[in-house]
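Student: This is the structure, below, for whatever I ask next.
The values are calculated or read from the model by the stated rules, or taken from the named source; none is laboratory data. Only a predicted model underlies this, so the values are computations on that prediction, with no experimental measurement involved. Because the Cβ atoms are built from the backbone with ideal geometry, glycine has one as well, and the counts that use them run over all protein chains shown. Only protein heavy atoms, including side chains, enter the accessible area calculation; ligands, DNA and RNA are left aside. Shrake-Rupley method; radii C 1.70, N 1.55, O 1.52, S 1.80 Å.
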Amino acid sequence: MDPASDPSSATLNREAPWDAFDSLAYSEHNYRTLRQDDRQIIEIVRDHFAAHFHGHRPGQPVTGVDVGAGANLYPALAMLPWCREITMFERSASNVAWLRRQVSGYEPNWDEFWALLLRGEGYAEVTDPRAELRGAASVRQGDLFQLPSRQWGMGTMFFVAESMSTSHLEFRKAVNSFAEALAPGSPFAAAFMENSEGYQVGDHWFPACAVTRHDVEATLAPYSEDMQIVRIAPPEGDAVREGYTGMIVACGRRGAV
Ligand SMILES: C[S@@+](CC[C@H](N)C(=O)[O-])C[C@H]1O[C@@H](n2cnc3c(N)ncnc32)[C@H](O)[C@@H]1O
């Protein structure tokens with residue numbers, strides 16, 4: 001049996017069927033409308049980035065990376081005012097194709113996400129987010145365990161390190177790869193499902209490992225300055241799915257180590 005189709009067995013990252021990830025089903029389920037928990041995450045991340053850049057587009061915009069971008073545009077949109085280039089780094093062939101289509105002109109459901117970002121300082125300086133995303137974003141297929149080090153000036157990684165394997169060792173390695181890909185001083189935001197048991201996307205089951213706020217803090221802290229971690233409870237009666245206990249968002253700045 002394909003180990004990734006058996007929720008009870010251990011699954012390493014390389015064993016899961018990433019190229020068969022159903023991007024449309026995932027995006028439709030998670031991001032067709034703006035959920036309350038994503039709303040909270042976006043506000044935290046938006047304000048963290050805006051504070052880092054003092055609320056105005058920098059004279060010298062940085063390069064950004066969204067690691068494991070999948071079928072989600074809002075981390076890249078949150079980086080848009082601050083970046084001249086955004087790399088959307090993703091392993092799955094189906095998600096790479098989905099990202100390329102969206103970058104060329106994203107669908108109307110993302111307007112609600114942009115409207116929330118617009119309430120943050122600096123975001124209104126982006127007058128045409130579709131055109132700016134098209135100009136700034138490039139979609140790159142690859143394995144996050146092979147990311148180059150100290151390459152980008154800001155970064156996001158949303159629901160990836162804990163949602164790619166049942167192995168806690170791979171969780172820690174993924175967080176390390178993300179942090180090491182950022183130059184010292186880079187602002188970052190990372191989000192995690194808390195205590196995830198894995199997840200179904202279309203016809204396939206994908207692995208996860210159960211992490212808590214403590215795991216996130218212990219793994220990111222050695223790389224971070226001024227890190228803040230917020231736990232977000234599932235909205236009453238509106239959990240995005242079964243088999244998790246909340247979401248965790250960590251914002252900080254890459255330290256010098
Ligand atoms: C749960 S999805 C999260 C997608 C998106 N970031 C979001 O916020 O919804 C996990 C993503 O990690 C990607 N992924 C899994 N293993 C990876 C690897 N080794 N390198 C890069 N991306 C990977 C998957 O293809 C998928 O897009």
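Student: Condition check: open to solvent by less than 20 Å² (accessible area, probe 1.4 Å) and either within 19 Å of Gln40 (Cα to Cα) or more than 15 Å from the ligand (Cβ to nearest atom) (or both). Does Pro187 satisfy that?
Tutor: Answer is yes for this residue.
Student: Could you check the range 139-257 for strands (runs of 3 or more DSSP E) lying wholly inside it with 1 or more residues that are farther than 25 Å from Tyr31 by Cβ?
Tutor: Fully inside the range 139-257 and qualifying: 224-232, 246-254.
Student: Which residues, counting only those in the range 50-71, are touching a strand residue (DSSP E or B) at 6+ places or on another chain (Cβ under 6 Å) and either open to solvent by less than 10 Å² (accessible area, probe 1.4 Å) or of a type in the set (Ser, Thr, Tyr) (or both)?
Tutor: Thr63, Gly64, Val65, Asp66, Val67, Ala69
Student: Pairs needed: first member in the range 68-92, farther than 14 Å from Met154 by Cβ; second member anywhere, β-branched (Val, Ile, Thr) and within 11 Å of the ligand (Cβ to nearest atom); C-beta distance under 7 Å; at least 6 residues apart or different chains.
Tutor: Gly68/Val160; Glu90/Val96
Student: Taking the stated definitions as given, is Ala221 surrounded by 14 or more Cβ atoms within 10 Å (Cβ to Cβ) and more than 27 Å from Ser92 (Cβ to Cβ)?
Tutor: yes
Student: Exactly one condition in (1) near the ligand (Cβ under 10 Å from one of its atoms); (2) out of contact with any helix residue (DSSP H, G or I) (no Cβ under 8 Å at 6 or more places or on another chain); (3) β-branched (Val, Ile, Thr) is false for Val160; which is it?
Tutor: Here Val160 meets the rest and fails (2).
Here is a yes/no grid of residues against (1) of a type in the set (D, E, K, R); (2) in a loop (DSSP other than H, G, I, E, B):
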site	(1), (2)
Ser27	no, no
Leu34	no, yes
Asp38	yes, no
Ile44	no, no
His56	no, yes
Asp66	yes, no
Ala69	no, yes
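Student: Against the conditions (1) of a type in the set (S, T, N, Q); (2) under 19 Å from Tyr31 (Cβ atoms); (3) within 15 Å of the chain's Cα centre (by Cα), where does Thr87 fall short? Just the number, please.
Tutor: With (1) of a type in the set (S, T, N, Q); (2) under 19 Å from Tyr31 (Cβ atoms); (3) within 15 Å of the chain's Cα centre (by Cα) applied to Thr87, the lone miss is (2).
Student: Would you confirm, using the coordinates I've provided, whether Leu99 is part of a helix (DSSP H, G or I) and out of contact with any strand residue (DSSP E or B) (no Cβ under 6 Å at 6 or more places or on another chain)?
Tutor: Considered against the rule, which asks whether it is part of a helix (DSSP H, G or I) and out of contact with any strand residue (DSSP E or B) (no Cβ under 6 Å at 6 or more places or on another chain), Leu99 comes out as no.
Student: Is it true that some residue in the range 244-254 is under 15 Å from Thr156 (Cα atoms), open to solvent by 50 Å² or more (accessible area, probe 1.4 Å) and not acidic (Asp, Glu)?
Tutor: Checking the range 244-254: at least one residue is under 15 Å from Thr156 (Cα atoms), open to solvent by 50 Å² or more (accessible area, probe 1.4 Å) and not acidic (Asp, Glu).
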